[in-house]
Structure formats: structure tokens, C-alpha cells
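Colleague: Got a structure for you, written out below as C-alpha cells; questions coming shortly.
Every number in this text was worked out from the coordinates using simple rules, so none of it is lab data. Keep in mind the model is a prediction, meaning the values are calculated, not measured. Please note: Cβ atoms are built from the backbone with ideal geometry, for glycine as well, and neighbour counts cover all protein chains shown.
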């Protein structure tokens, strides 16, 4: 049983923060993973989303090089080990 309930549906969010929920869902298809926990603090989630969007879409690093950096970092940090992927 999780200690906190992840926010995965729009009705869990106060009306004044539903636009942030929509922005996360629009860019990722749904609110899941770390964003479902960050939505417990909508203003923080909004800031992380803006930073993530900048790094993914507006940064001077080209998409292929960015993906390579993500994969290399994940490999270095053993991010696939919990699921059995390497």
C-alpha cells in the first residue's frame, strides 16, 4: 500500500490546478510515474514540467544526442535493473 495516493485522474486535483494536470497529460498521454506524485504539489509539478519541456524541446542539444545522454545516464545509474532490463 503506497504511503500517498498518486494523482492519476483530473478529479483528484483542485479546479484551480486542473490546467497543470491537463498540461502533463497532454504532453505525456496521461499523468503517471513521477508526475502522478508531483501533482500532489501542483506548483512544483508545473515548474518541473516547464523545465522538462525546455530540456526536451528547446535546448540546443539535438534530439538524437539528448536520447543518447538519457540512455547513457540510465545505464550508468543502473536504472533498468529493477525491471530486469539492462
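Colleague: For the pair residue 67/residue 41, report the inter-label distance in nm, with labels modelled 7 Å from Cα in the Cβ direction.
Modeller: It works out to 3.3 nm between the two label points.
Colleague: Once the piece of chain linking residue 10 and residue 56 is laid out straight, how much longer is it, given 0.36 nm per residue of separation minus the C-alpha distance between them?
Modeller: 14.1 nm
Colleague: Separate question: Only one of the listed values, (i) 26, 19, 9; (ii) 30, 18, 8; (iii) 27, 17, 13, was derived from the coordinates as semi-axes √(5λ) of the Cα gyration tensor in Å; which label is it?
Modeller: (i)
Colleague: Contact order normalised by length for the range 1-56, with contacts defined as Cα pairs under 8 Å and 6 or more residues apart; what percent is it?
Modeller: Working: 38 pairs, mean separation 19.8, N = 56.
Relative contact order here is 35 percent.
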